Amino acid sequence: MSINIIKKVCFLMVLLTSLNAMSQELGKVNGKISLSGNEPVPGVSIVLKGTRYSAVTNDNGQYEIKNVKPGSYTISVRAVGIHAVENTIVVTAKQTTTKNFTLSESQEDLDEVVITKNKYKQDKPSLSLRLQTPVLEIPQNIQIVSGQTLKDQQIISMSDGVIRNVSGAVRLEHWGDMYTNITMRGSQIQAFRNGFNVVTSFWGPLTEDMSFVDHIEFVKGPAGFMLSSGDPSGLYNVVTKKPTGITKGEATVMAGSFDFYRASIDLDGKFDKEGKFLYRFNGAFQKKGSHRPFEHNDRYVIAPVLSYQIDDKTKVTLEYNYQMANMTEVGSYYIFGADAGGYATLPRNFTMTQPGLPDTKMNDHSGYFTFEHKFDDNWKLTAQTSYFKYLQKGYSSWPTGVGPGPVDLDYDEIPDGTLGYGEIIRNVGIWDAESDMFLGQIFVNGKFNTGPVSHKVLGGIDAGNKEYYADFYQSHDLDTFDNPFNIFAPNYGMPANGLPVFNRDTPLKERSFGGMISKYTAAYIQDELGFFENKLRLTLAARYTWINQANWGDVQEDTHITPRVGISYSITPSTSVYGLYDQAFTPQSGIIQNGDPIKPLTGNNIEFGIKKDWFDGSWSTTVAAYRILKENELTSDPANGPNDVFKVVLGEKRAQGIEVDLRGKIFDGLNLIANYAFTESIVTDSNVPSIIQGSTVPGFSKHVANAWLNYTLVNGKLKGFGASIGGTYLAGRQTDTWAAGLERLPEYFKLDGGLSYEIGKMKFTANVFNILDKYLYSGSYYASTNINAYYWQTEQPRNFRFGVTYKF
């Protein structure tokens, strides 16, 4: 063997020995990237800044970086469309350093910027909806309206077009921009905020401003996992914005027709380098006029949120939302016409409101404290408590009398003390209100296996105390029979009977004559059993509810157990079919004129459907058929108007229909939301002589169809330029009251569209609403002792909004 060969062998042995010794001195970094709720995030890049060390997360959200030299590094989590999330780590020789990251608080952030970058489709419900199952696998029709949808459509509040994005949802628009009051599957659905039922009366809550809203979840039918008390038609859950751990900000200014001006800001960040102490702040200021004179609705909003990650397993969040509304008196937007004239007999900008009336002011406070603790990767405890305070000081307008239509008599021959054609006695009533709610929840989510069967367990306790007091018992006629208001020759000077002066010296609780008080406690358990590698899922659940309620002095107490049984089967990984039986049990608000006690509403829902994700989850479709039976439901007394507190009890009501929803990215740049619903709601058994069996129950439109199409150029010189078009069609409208009159509401079609351009940190958005400039309205026929008339509320004629958003 030559000397050269011996030298080479010796050198190679020394080199290998050195490398082996060096490798023994190196360390390793691993961890998991997930969302809140331990949902893994695949395809995310992990980099040790300033080095060649990097990795990409697998399908389980896990990563591993081997052979890292000991030392201090800045580890960076990167994904397309977001700022890097960074933290400091120390790598020790011969040891593994584990670093986990939670990218965001909500599925919305993931959908928008991390995985699918899909603007309109979300695959997972929020933490506040309590479920840990993808929407595709839940045996119920759940539709989620994403935050990007709200931005693209320039939606500013819950009553400003949100429902176009959900099949079968319509509004009872008597309350304008004050209360949302959405009906779906034949009756009004419950309003939730961050998982809490925030309804204390038929009239509330104050419609949410979108500045602090992350997304909105619509749950069709009863939801035993959510409802301690609620209507079996369903609920909507407004999910507010939370800190994401990503330092970013966004400011938007908007302007539009009829003196509309708005500014909002969204600040998201962290107080410390480690990202344990996070903040989010949202605020908005809005001045909003109307196409009707003397009318406005101004808003002021602040919404700070703080969260602190105590350790890898425990986090606390503190949140406060404040909304202040300053608006014209409630009811100012309604017009009354003679019963012989029908709807829409006056110009769209006509008003009956009286200038000089003080504004109605509403202050809406809500505070939340959330505690989350992960025992391990499979078990998590969530405890939430909240306090809601609502204060209202204002007025409501509704006429005392409306003159009849044209008669054979000459105008001068109409008897004294009665109103002639076009004459009205306008009335203003006081509406002061105060609401307090103390609500609490504690629930556990868990996962485990028993042999080949998987289990997703949800169990918890809900408790609440709700109080609502109001004075709507004082009223004042603005006009007199000698000098009525004439719609053909309106006089907006000082009214003949002067402006109202109401007595507010007496405390509101004494003026309220008892108020509406509800106390409840509920316990529930749900198990989703997975068979055949979770292809077949069986949901078994039950809720026990105790309720004590007092409505204007009438005290009741009751208990009820509501079962829930659901089955879902994945035909393919992207297609599932389901069936569901669920029940609801809820107290009701109101007064029965003869003094009968108010019984809780009970209802059950049978539902079947099919869900499918298309093209690797880019867009989804849901088709559902349902049948809901309700007993003891209260409704407006046909002998009184919608402002009246008196109610009547039906025997049994049946609502049934079919719903179709489509949402998501059809291909790069093209996003679509489309839906259709057929709804039919009738009385199957009646206790009210004037409401016969088979009568149509108001609160729906038989046919509802919506679409919103957005296309944005993703390449080329015009990259970032987008266009949108959308429409709403209603037929067979039954959104009015029992007193139907001779004329039904006509078919409704509204066309909207817009343009947008995004370049760098700037985005410009302009939308035109009611492009066809149609005379659009909703309303009803009002039959009472002094009034037999059509009333209606007109929507704005063709109008626009222009906004500029700056991201920083």
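Laboratory data are not the source of any read-out in this text; all were calculated from the coordinates shown. Note that the structure is a prediction, hence the values are computed from the model and not measured. Don't worry about glycine lacking a Cβ; one is built from the backbone with ideal geometry, like all the others, and counts go over all protein chains shown.
Write out the trypsin sites (Lys or Arg not before Pro) in the range 199-276 meeting two conditions: DSSP loop, and at most 14 other Cβ atoms within 10 Å of their Cβ. List each step's numbers first, then the result.
Details: sites: 220, 241, 248, 262, 270, 273, 276; in loops: 241, 273, 276.
Filter output for the range 199-276: 273.
Taking chymotrypsin sites (Phe, Trp or Tyr not before Pro) across the range 130-219, none is in a DSSP loop with at most 16 further Cβ atoms lying within 10 angstrom of its Cβ.
How long are the semi-axes of the equivalent ellipsoid of the range 284-389, taking √(5λ) for every eigenvalue λ of the Cα gyration tensor, in whole Å from largest down? Spell out each step's value before the answer.
Details: eigenvalues 454, 54, 23 Å².
After scaling each eigenvalue by five and taking roots: 48, 16, 11 Å.
Extension gain, residue 251 to residue 265, is 4.6 nm, computed as 0.36 nm per intervening residue step minus the present C-alpha separation. Taking chymotrypsin sites (Phe, Trp or Tyr not before Pro) across the range 463-505, the ones in a DSSP loop with at most 13 further Cβ atoms lying within 10 angstrom of their Cβ are 473, 488.
Close amide H pairs (under 5 Å, H built 1.01 Å from N) link residue 226 with no residue at least 5 positions away or on another chain.
Here the gap between residue 762 and residue 804, fully extended at 0.36 nm per residue and compared with their Cα-Cα distance, gives a gain of 14.4 nm.
Each label was represented as a point 7 Å from its Cα along the Cα-to-Cβ direction; for residue 680 and residue 693 these points are 1.7 nm apart.
Net length available on complete extension from residue 69 to residue 574 is 177.4 nm, with 0.36 nm assigned per residue and the Cα-Cα distance removed.
Among residues other than residue 197 with Cβ under 11 Å from its Cβ, the summed charge is 0 (Lys and Arg +1, Asp and Glu -1).
Over 29 Å between C-alpha atoms is what I'm after, so list which of 276/719; 380/535; 270/763 land there.
Distance filter (> 29 Å) returns 276/719.
With a simple spin-label model that places each label point 7 Å from the Cα along the Cα-to-Cβ direction, the separation between residue 371 and residue 387 comes to 1.7 nm.
If r is the Cβ-Cβ distance from residue 306 to residue 418 and R0 is 60 Å, what FRET efficiency results, to the nearest 0.05? Walk me through the numbers before you get to the answer.
On the way: r = 63 Å, r/R0 = 1.05.
In this case the efficiency is close to 0.40.
In the P(r) worked out for the chain, what percent of Cα pairs fall beyond 33 Å? When all Cα pairs of the chain are counted, 56 percent exceed 33 Å.
The distance separating the Cα centre of the range 319-359 from that of the range 737-791 comes to 14 Å. According to a simple spin-label model (label point 7 Å from Cα along Cα-to-Cβ), what is the distance in nm between residue 558 and residue 98? Distance between the two pseudo-spin positions: 5.1 nm.
Annotation: lysines with alpha-carbon distance below 22 angstrom to residue 69 (same-chain offsets under eight excluded): 28, 32, 49, 94, 99. Residues with beta-carbon under 9 Å from that of residue 432, excluding residue 432: net charge, scoring Lys, Arg +1 and Asp, Glu -1? Here the charged neighbours net out to +1.
Percent antiparallel among DSSP beta bridges with both residues in the chain, to the nearest 5?
So the antiparallel bridges in the chain amount to around 95 percent.
Charged side chains reduced to their Cβ positions (Lys and Arg at +1, Asp and Glu at -1) give the chain a dipole of some 4660 debye around its Cα centre. With r defined as the distance between the Cβ atoms of residue 62 and residue 755 and R0 fixed at 30 Å, what FRET efficiency is calculated, to the nearest 0.05? So, using R0 = 30 Å, E works out to roughly 0.10. In summary, the lysines within cross-link reach of residue 647, defined as a Cα separation below 30 angstrom excluding same-chain residues under 8 places away, comprise 220, 361, 389, 393, 466, 509, 519, 599, 630, 702.
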